[in-house]
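Here the structure is laid out as structure tokens; the discussion comes afterwards.
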């Protein structure tokens, strides 16, 4: 798997701020095969 | 001139992030781990906590062998990052029996011979615990539908359905 960093947002505003700050950032929530692709 | 097969990559550009503290309550035991962010819950259980009852089948969410209960809900642990489950209660196949007595589903699987090789069984049983807690399945058809995320390569499905029906009758 490709190395990555993980950040947990405290609320919606924080989530938007964090994802806007990094063009490579992705949301993850629940089980998803996004993980397969990493 | 020397040739090398080493790819021309700048290692300086790859920064390895710090490990993250994760606290889990696994089968009733409080557990603290320091994990890389990309560690799946499955790998945390198997490789860091030596709970190898949970099986790695396909490792991409198609077979259900890695099913565990997180806060009572059945999930594919191969598709969950351990860091995402920080603070959660995790129940694996190792945590179902209590006081030396098998869980009703474990006993039912034995009674109905609901496995051959047994590789999918921990996932089948954890999934069935979640299924019964959800309370949606009443008929055999509904059990088959709602257990469809758990594949049995040996084809023990009729016995698995019978075992779940037996356990549902008792719960």
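Rule-based calculations on the coordinates, nothing more; no lab input. These numbers come from a predicted model, not from an experiment. Backbone-built Cβ (ideal geometry, glycine too); neighbour counts: all protein chains shown.
Taking the square roots of 5 times each eigenvalue of the Cα gyration tensor of chain B, largest first, gives ellipsoid semi-axes of 36, 19, 13 Å. The angle between the Cα long axis of helix B:121-134 and the main principal axis of chain B comes to about 70°, on a 0 to 90 degree scale. Rounded to the nearest 10 degrees, the inclination of helix B:157-170 to the longest alpha-carbon principal axis of chain B is 70 degrees. Over the protein assembly as shown, the alpha carbon radius of gyration divided by the compact-protein estimate 2.2 N^0.38 Å works out to 1.20.
The calculated 222 nm mean residue ellipticity attributable to helices in chain B amounts to -7500 deg cm²/dmol, summing -39500 (n - 2.57) over DSSP H runs of n ≥ 4 and dividing by all residues. Ranked from largest, the principal axis spans of the Cα set of the stretch B:93-147 equal 31, 24, 17 Å.
Peptide B:156-163 has a mean of 0 when you count, residue by residue, the C-beta atoms of other protein chains within 10 Å of its C-beta.
Remark: mean inter-chain Cβ contacts per residue of B:94-100 equal 0, using a 10 Å Cβ-Cβ cutoff to other protein chain atoms.
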